[in-house]
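Chemist: Starting off with a structure, shown below.
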Amino acid sequence: MKSILVIGLGRFGHHLTRTFIEHGHDVMIIDQDEKKLEDMVPYAASAKIGDCTNPEVLKSLGIGNFDSIFVCIGTNFQSSLEITSLVKEMGAKRVISKATRDIQAKFLLKNGADEVVYPDKDIAEKIATRYSISHIFDYIELTKGYGIYEIPPLKEWIGKTIRESNIAAKYHISILGVKDHQGAKTNIMPTADYMLQENEHLIVLAQDMVAQSLSKKL
């Protein structure tokens, strides 16, 4: 369990807070608008109203006690920049700040952010990739040029074991898991003797170019 501080409860801050809580972490939330906090107060470990551009407000939070601090200010970049710099100066262990443009990311990284996230851009890229490649059910980018894809099996694989299909050597992909046709159960890291079925979904690690090529055969 980790201790998380989320500064700014806009849409991204809300989703982030809810997901961290669902994963069992202690989350403190703060925003200067009380209304933005209301629906999360029953679930967060602590909720405070305050303007985090004020150093005294930040000092009262115990910045150094958090494992990670997320600066989720989306509408006022100047405030986001100031808060990022302040929390780092106060001893924050790890600061992750939200950006909407590359120029913002550069300033945030220079002023204390350990990492910058682009929630809107990341979602847009994921959706574009998923719907650009035929027969892709889901997609997660790992690094530039590589991702995890959820795909149906090729017809030539059905009724054969993973070993018999020679998938890794022939297609240069690694099968990380197999979902049943209802998506209710996932077999993680199936053995080479696992026999592939028609209605299953395969979760594979692949180079993007390989996945695009493979999708044409599905």
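Chemist: With Gly91, Gly159, Gly112 as the choices, which residue is at positive phi, part of a loop (DSSP other than H, G, I, E, B), exposed (fewer than 13 other Cβ atoms within 10 Å of the Cβ) and of a type outside the set (D, E, K, R)?
Modeler: After applying the criteria, what remains is Gly91.
Chemist: Residue check: is Ala206 part of a helix (DSSP H, G or I) and surrounded by 15 or more Cβ atoms within 10 Å (Cβ to Cβ)?
Modeler: Considered against the rule, which asks whether it is part of a helix (DSSP H, G or I) and surrounded by 15 or more Cβ atoms within 10 Å (Cβ to Cβ), Ala206 comes out as no.
Chemist: Another one. Right, Gly24: in the same structural domain as Ile7 (by TED's automatic domain parsing), exposed (fewer than 13 other Cβ atoms within 10 Å of the Cβ), in a loop (DSSP other than H, G, I, E, B) and not aliphatic (A, V, I, L, M) or not?
Modeler: Criteria met by Gly24.
Chemist: Pick from the range 162-194 the residues that are part of a helix (DSSP H, G or I) and hydrophobic (A, V, I, L, M, F, W, C): which of them is surrounded by the fewest Cβ atoms within 10 Å (Cβ to Cβ)?
Modeler: The residue in question is Ala169.
Chemist: Given the conditions (1) more than 14 Å from Val27 (Cα to Cα); (2) without any contact (Cβ under 8 Å) to a residue 12 or more places away in the chain, which single one is not true for Gly62?
Modeler: (1)
Chemist: Name the one entry in Val57, Val95 that is aliphatic (A, V, I, L, M), in contact with a Gly (Cβ under 7 Å, 6 or more places away or on another chain) and under 19 Å from Phe107 (Cα atoms).
Modeler: After applying the criteria, what remains is Val95.
Chemist: While we're here: Please go through the range 110-166 and give me each residue that is more than 16 Å from Gly177 (Cβ to Cβ) and of a type in the set (A, V, I, L, M, F, W, C), ordered by number.
Modeler: Ala113, Val116, Val117, Ile123, Ala124, Ile127, Ala128, Ile133, Leu154, Ile158
Chemist: Please specify each residue of the range 31-51 satisfying the condition of being among the hydroxyl-bearing types (Ser, Thr, Tyr) and closer than 16 Å to Ile69 by Cβ.
Modeler: Ser46
The values are calculated or read from the model by the stated rules, or taken from the named source; none is laboratory data. Bear in mind the structure is a predicted one, so any value in this text is a computation, not a measurement. FYI the Cβ positions are ideal-geometry reconstructions off the backbone, even for glycines, and counts take in every protein chain you see.
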